[in-house]
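Just so it is clear, none of the values below were taken in a lab; they were calculated from the coordinates. Since the model is a prediction, treat every value here as computed from it, not as a measurement. Cβ atoms come from the backbone with ideal geometry, glycine included; neighbour counts cover every protein chain shown.
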């Protein structure tokens, strides 16, 4: 069997399994048509005014920067697990990685992305 045909078969089976799972979930899921479930929930306090309002772009930028540095730090944990097997090449690789992290942090800091106004 050709590799391309095998790949197409696997993708079609994956799509079929996902579609079947979504269809079964729609059929057997409990339904509740309470309009209160569609309202925004803020710590038990009823909302006042519109629940859809614009936020400053700075909040999103701050969150993206946090996620970016948080995910990159997770890579350091994987490196720490195998640090003895990597030797000098592994140490130089992680130092280069940390240099890129520090340069990214310095760039964000200089641009004022970390200032909370």
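Considering all different alpha carbon pairs of the stretch 52-117, the Kirkwood hydrodynamic radius works out to 13.8 Å. Here the label points at residue 11 and residue 107, each 7 Å from Cα along the C-beta direction, are separated by 3.3 nm in the simple model.
Our helix-only sum for the chain, with -39,500 (n - 2.57) per DSSP H run of n ≥ 4 divided by its residues, gives a mean residue ellipticity at 222 nm of -24500 deg cm²/dmol. When each of the peptides 97-104, 8-15 is scored by the mean number of other C-beta atoms lying within 10 Å of its residues, the order from highest to lowest reads 97-104, 8-15.
For a distance above 19 Å, tell me the whole-number percent of Cα pairs in the chain that qualify. So the portion of pairs separated by more than 19 Å is 75 percent. Spin-label point model (7 Å from Cα, Cβ direction): what's the residue 62 to residue 88 distance in nm? The answer from the label model is 4.5 nm.
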